[in-house]
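Below: one structure, written as structure tokens.
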Amino acid sequence: MKWFDYAAPKTLSEALALLAAHPGARMLAGGTDLLVQMRAGRKPADLIIDIKNIAELNELRYERASGLTLGAAVACYRIYGDAAVSRAYPSLHQVASLIGGTQIQGRASIGGNLCNAAPSADSIPLLIALGATCRIAGAGGERVARVEEFCTAPGKNILAAGELLVSMHVPAPRPGSGASYLRFIPRNEMDIAVAGAGVAVELENGKFRSARIALSSVAPTPLFVREAGDWLTGKPVNGESIAGAAEIAKAAAKPITDMRGTKEYRRHLCSVLTRRALETAVRRAQEVQ
Amino acid sequence: MQRKVHVRTTINNQAVEFLCEPRQSLLECLRDIVGLTGTKEGCNDGNCGSCTVVLDDRIVTSCLVLGVEAEGRKITTIEGIAAGNQLHRLQQAFLTNAALQCGICTPGFIVAAKALLDSEPNPDEERIRLWLAGNLCRCTGYDKIVRAVSECAREAKA
Ligand SMILES: Cc1cc2nc3c(=O)[nH]c(=O)nc-3n(C[C@H](O)[C@H](O)[C@H](O)COP(=O)(O)OP(=O)(O)OC[C@H]3O[C@@H](n4cnc5c(N)ncnc54)[C@H](O)[C@@H]3O)c2cc1C
Ligand code: FES
Ligand code: FES
């Protein structure tokens, strides 16, 4: 790796000041993307700002009324190790336990997964389905963006120079709601998704009150398929409705062919994974109803 | 100006200070500066787990940690597993089960497996395989490794 300096600010304002003074700086959360990319000569930086000592970025707080505040630097193991969070969001527990292996989960954050903006990032479709938002801070103040607006191209996001991601907010689960993320990989663990589907549903009187569906690894960015969820609204909760939404998701996918799979195979996976993820989400919704 | 950083840390229960460049990984610092060469480099990109160490209470791949991040933290490496000349029972179990061939992956497997047994004394085979999914071995085919760890889990149960 090329030489860089290192700073570990303790406050958000200190971090923002450093960022403003060093346009070539990069943020270090768990480093499981950043250090790999820097070592490969991508992502050069003259200053690394370690953001793990900043209180707001380490916050993991669930409240029944207001939902979940997930600090951008919180590592995966803290999410699945938190009983209240795991109970309220079994789907988040699931995603935090499938990113990498045990060692990676000791470091990797969901904030890093989002900021890295890989098309294959496993947490992003689920965050989109759950309706999560991002708290972004910069020298000029703060703003909020929806997760589905965050990634703009492979490895690119909406953060402007001088801005960083502080935390994500996930709305409190409503009665009769459930979510799930499912990916396909050739191994059982430790691999990059060939395709993945994150879904969230809300059921009422045997019908879908609302649904949100997003896909990974089948477009330049994680893909929010709004029309698939909208189509489900008002439909009865049954296999036919689920299969219909899965077909819409499949039609929305714009995959490429690469060493992990052909575009035809990936499209097929979109429908299978969406259907299975919806089945799990429905089951979870019925359990908490 | 390019300046090295003074890092104060605790390694295997001993206070250790070292001077490193910010760009050096914890793996490089342990091996090349501190002289603890038990921790191995396999892939240097987080995939193989041969560089596994315990950082505070979590196992991590030390190739994906900067040495400067160790400031004020506690590290356990493979050198901290045996008690003097007394092998840890996991180390013994690796020997009796022939759970190693070239040995490059072994320190990582032992550090990772010990962390599992420390937090969950009785994992079943599936749990062991899942926990060790981030440790790769090109020689043994894994069965003997899983057998060695399972044996220690069973002992804990007995
Ligand atoms: C062996 C291995 C297995 C993996 N398996 C998976 C997997 O199964 N699924 C998956 O999705 N990913 C996987 N990954 C990729 C990676 O672990 C994840 O993307 C992880 O969530 C990244 O988080 P991090 O905290 O390590 O991010 P970092 O590497 O610290 O940061 C990632 C990027 O985001 C920027 N950044 C971080 N935080 C902020 C912030 N708050 N504000 C602004 N920018 C920020 C950094 O500058 C960097 O560019 C794997 C990686 C490895 C090495
Ligand atoms: S050398 Fe660190 S994971 Fe392979
Ligand atoms: S014994 Fe050679 S890699 Fe495991």
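The values are calculated or read from the model by the stated rules, or taken from the named source; none is laboratory data. Nothing here was measured: the structure is a model prediction, and the numbers come from that model. Glycine also receives a Cβ, built like all others from the backbone with ideal geometry; neighbour counts cover every protein chain displayed.
Residues that are closer than 25 Å to B:GLY46 by Cβ, within 14 Å of another protein chain (Cβ to nearest Cβ) and within 16 Å of ligand 2 (Cβ to nearest atom): which helices (runs of 4 or more DSSP H) entirely in segment B:67-158 hold 2 or more of them?
Details: elements: B:89-96, B:106-119, B:125-131, B:143-157.
Where helices (runs of 4 or more DSSP H) fall fully within segment B:67-158 and carry at least 2 residues being closer than 25 Å to B:GLY46 by Cβ, within 14 Å of another protein chain (Cβ to nearest Cβ) and within 16 Å of ligand 2 (Cβ to nearest atom), they are B:106-119.
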### Query
Scanning for something farther than 22 Å from B:CYS48 by Cα, surrounded by fewer than 24 Cβ atoms within 10 Å (Cβ to Cβ) and either of a type in the set (Ser, Thr, Tyr) or without any contact (Cβ under 8 Å) to a residue 24 or more places away in the chain (or both), does segment A:105-120 turn up at least one residue?
no
### Message
Within segment A:1-30, take every residue that is surrounded by fewer than 12 Cβ atoms within 10 Å (Cβ to Cβ) and not small (Gly, Ala, Ser) and give me the one that is nearest to the other protein chains (Cβ to nearest Cβ).
### Response
A:TRP3
### Task
For residues that are within 23 Å of A:LEU164 (Cα to Cα) and without any contact (Cβ under 8 Å) to a residue 60 or more places away in the chain, scanning just segment A:63-80, find the one that is surrounded by the most Cβ atoms within 10 Å (Cβ to Cβ).
A:CYS76
### Summary
Over segment B:56-65, the set of residues facing chain A (nearest Cβ under 7 Å) and either over 24 Å from A:ILE99 (Cβ atoms) or more than 16 Å from ligand 3 (Cβ to nearest atom) (or both) is B:ARG58, B:ILE59, B:VAL60, B:LEU64, B:VAL65
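Has segment A:86-94 got at least one residue that is near ligand 1 (Cβ under 8 Å from one of its atoms) and in a helix (DSSP H, G or I)?
Going residue by residue through segment A:86-94, those that are near ligand 1 (Cβ under 8 Å from one of its atoms) are none.
Looking through segment A:86-94, none of the residues is near ligand 1 (Cβ under 8 Å from one of its atoms) and in a helix (DSSP H, G or I).
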### Message
Being more than 30 Å from B:THR76 (Cβ to Cβ), at pLDDT 95 or above, touching a Leu at 6+ places or on another chain (Cβ under 7 Å) and part of a strand (DSSP E or B): is that true of A:ALA137 here?
### Response
yes
### Summary
Looking across segment A:81-101 at residues that are farther than 17 Å from A:ARG284 by Cα and in contact (Cβ under 8 Å) with a residue 12 or more places away in the chain, the single one that is nearest to the other protein chains (Cβ to nearest Cβ) is A:GLY101
### Task
Only residues that are modelled with pLDDT under 95 and either acidic (Asp, Glu) or on the phi > 0 side of the Ramachandran plot (or both): list them for segment A:182-216, please.
A:GLU189, A:MET190, A:ASP191
## Note on the structure
Restricting attention to segment B:123-141, the residues that are over 12 Å from the mean Cα position of the chain (by Cα), surrounded by 12 or more Cβ atoms within 10 Å (Cβ to Cβ) and of a type outside the set (A, V, I, L, M, F, W, C) number exactly 5
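Looking only at segment A:24-34, decide whether some residue is assigned to a helix (DSSP H, G or I) and within 27 Å of A:ARG183 (Cα to Cα). Steps first, answer last, please.
Going through segment A:24-34, the residues assigned to a helix (DSSP H, G or I) turn out to be A:34.
Filter again for within 27 Å of A:ARG183 (Cα to Cα), leaving A:34.
Yes, some residue in segment A:24-34 is assigned to a helix (DSSP H, G or I) and within 27 Å of A:ARG183 (Cα to Cα).
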### Task
Pick out the one residue from A:ALA160, A:ALA145 that is within 30 Å of A:LYS254 (Cα to Cα), more than 10 Å from ligand 1 (Cβ to nearest atom), of a type in the set (Gly, Ala, Ser) and part of a strand (DSSP E or B).
A:ALA145
### Message
Can you find a residue that is aliphatic (A, V, I, L, M), over 23 Å from B:GLU151 (Cβ atoms) and more than 16 Å from ligand 2 (Cβ to nearest atom) anywhere in segment B:38-54?
### Response
no
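Within segment B:17-42, can you find the residues that are in a loop (DSSP other than H, G, I, E, B) and either more than 10 Å from chain A (Cβ to nearest Cβ) or among the small types (Gly, Ala, Ser) (or both)? I'd like the intermediate steps shown before the answer.
Going residue by residue through segment B:17-42, those that are in a loop (DSSP other than H, G, I, E, B) are B:21-24, B:35-42.
Once the filter is applied, which keeps residues that are in a loop (DSSP other than H, G, I, E, B) and either more than 10 Å from chain A (Cβ to nearest Cβ) or among the small types (Gly, Ala, Ser) (or both), segment B:17-42 yields B:GLY35, B:LEU36, B:THR37, B:GLY38, B:THR39, B:LYS40, B:GLU41, B:GLY42.
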